[in-house]
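Heads up, the thing below is written out as structure tokens.
The values are calculated or read from the model by the stated rules, or taken from the named source; none is laboratory data. Worth saying up front: this structure is predicted, and the values here are computed from it rather than measured. Positions of Cβ are backbone-derived with ideal geometry, glycine not excepted, and every protein chain shown enters the neighbour counts. We work out accessible area using only protein heavy atoms, side chains counted, and drop any ligands, DNA or RNA first. Shrake-Rupley method; radii C 1.70, N 1.55, O 1.52, S 1.80 Å.
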Amino acid sequence: MRAEIVSMDAEHLDKEAIKKAGEILKNGGLVAFPTETVYGLGGNALDPKASMKIYAAKGRPSDNPLIVHIADIEKLKEVTTEIPEGARILAEKYWPGPLTMILPKADIVPKETTGGLDSVAVRFPSDVIAQELIKAAGGFVAAPSANTSGRPSPTMAEHVEEDLGDAIDMILDGGQVGIGLESTIVDFTEKIPVVLRPGYISLEMLQETLGEVKMDKGLLITDSSVRPKAPGMKYRHYAPEADLSIVEGETEKVIAYINSRASEVEEQGKTVGIIATDETADLYKAGVVRSIGSRAEEETIAHHLYEVLRDFDGDGVSAIFSEAFYTPKMGQAIMNRLLKAAGHKIIKVQEEQK
Ligand code: AMP
Ligand code: MG
């Protein structure tokens, strides 16, 4: 059966459709919905069978836990056994918003939802459609990103339909999401809070609020012997079909390098894709050039990353070269996703030419 798709926006909520979606979730079904980060694939978080259905629909390994979404800060108490002071402070400051916190789980949350772990990931999204759906579903919606496991996360309902249209009951289409990268994940199960996944809320912002906050070692080191603590971060992810390489270095050298590699690939009769920015797009002389956004407005780069990766799948390019985006605020989050999409293939132009 094909998923029913209902369009709406925050100012014009389709209350009937949200009520129906809530009933579907209460009855163990699956509904995709917009959030401010990416589209989520929702199931009732307290129903182990619904969580199993989510893993099956996405083709996701069942040791990769789901995030429990709430729409009322008071509900945090019901799914956790302990809320440290730091978590309380972050909830006050950043919820509703793009922040997920890992806390010790209460018994009502089944292990199927937490990938077998004793901790639970909780988030209170700011998107109004998401909030209304969560309330209509009884308060606790388990939702990973609504993509097939391994593919770029969906930033519009069309992406969800492409990946999961045959596997779920309903899609709430709220248009394009705002941020475009998944939430920042902060782990509170150890003494010092640890960022397990970078996002819009940066390490610096968290340190300003809490004092000491660390970055998970498994994220900083590309050496695969150190495993990231968030089970999901160890998988190849966000990946386009083509072979993606990131080219890093001085802008002029990056452009020259990509131009020469792109013409080599084209000489072999293949098509090449280039991920550029508004500032550089005109300087590429070969291949299919897509601007990801403007370096002057780094949110635009985060916003378009997954969409650009998906668009190249549609073009059937065999290789993609991308500039690197170590921008001041979101650079950590953008490069974390881009490096995973590239399987950590990075070419440093300065060093190569020495
Ligand atoms: P997604 O739902 O696709 O945004 O992925 C959720 C991310 O949160 C994955 O990387 C999970 O591994 C991570 N996660 C969820 N629950 C936990 C937990 N209890 N401990 C550590 N990481 C978690
Ligand atoms: Mg995901």
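Below is a table of values for the structure above.
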quantity: Residues within segment 146-179 that are part of a loop (DSSP other than H, G, I, E, B) and within 13 Å of ligand 2 (Cβ to nearest atom), tallied; calculated: 10
quantity: Any chance Ile320 is in contact with a Gly (Cβ under 6 Å, 6 or more places away or on another chain), open to solvent by less than 60 Å² (accessible area, probe 1.4 Å) and either within 16 Å of Val254 (Cβ to Cβ) or at pLDDT below 95 (or both); calculated: yes
quantity: Helices (runs of 4 or more DSSP H) contained entirely in segment 1-89, each with at least 1 residues that are surrounded by 23 or more Cβ atoms within 10 Å (Cβ to Cβ) and in contact with a Ser or Thr (Cβ under 6 Å, 6 or more places away or on another chain); calculated: 48-58
quantity: Matching option when the condition is touching a Phe, Trp or Tyr at 6+ places or on another chain (Cβ under 9 Å), open to solvent by 10 Å² or more (accessible area, probe 1.4 Å) and small (Gly, Ala, Ser), among Gly287, Gly314, Gly343, Gly331; calculated: Gly287
quantity: The listed residue being within 16 Å of ligand 2 (Cβ to nearest atom) and not in a loop (DSSP other than H, G, I, E, B), out of Met205, Met233; calculated: Met233
quantity: Answer from Leu196, Leu181 - the residue that is aliphatic (A, V, I, L, M), surrounded by fewer than 24 Cβ atoms within 10 Å (Cβ to Cβ) and within 13 Å of ligand 1 (Cβ to nearest atom); calculated: Leu196
quantity: Segment 115-150 - residue that is near ligand 1 (Cβ under 10 Å from one of its atoms) and surrounded by fewer than 22 Cβ atoms within 10 Å (Cβ to Cβ) and, of those, farthest from Val186 (Cα to Cα); calculated: Ser149
quantity: Segment 180-200 - residue that is β-branched (Val, Ile, Thr) and assigned to a loop (DSSP other than H, G, I, E, B) and, of those, nearest to ligand 2 (Cβ to nearest atom); calculated: Thr189
quantity: Which numbered condition Ser294 fails, given (1) polar (S, T, N, Q); (2) open to solvent by 50 Å² or more (accessible area, probe 1.4 Å); (3) over 24 Å from Val265 (Cα atoms); calculated: (2)
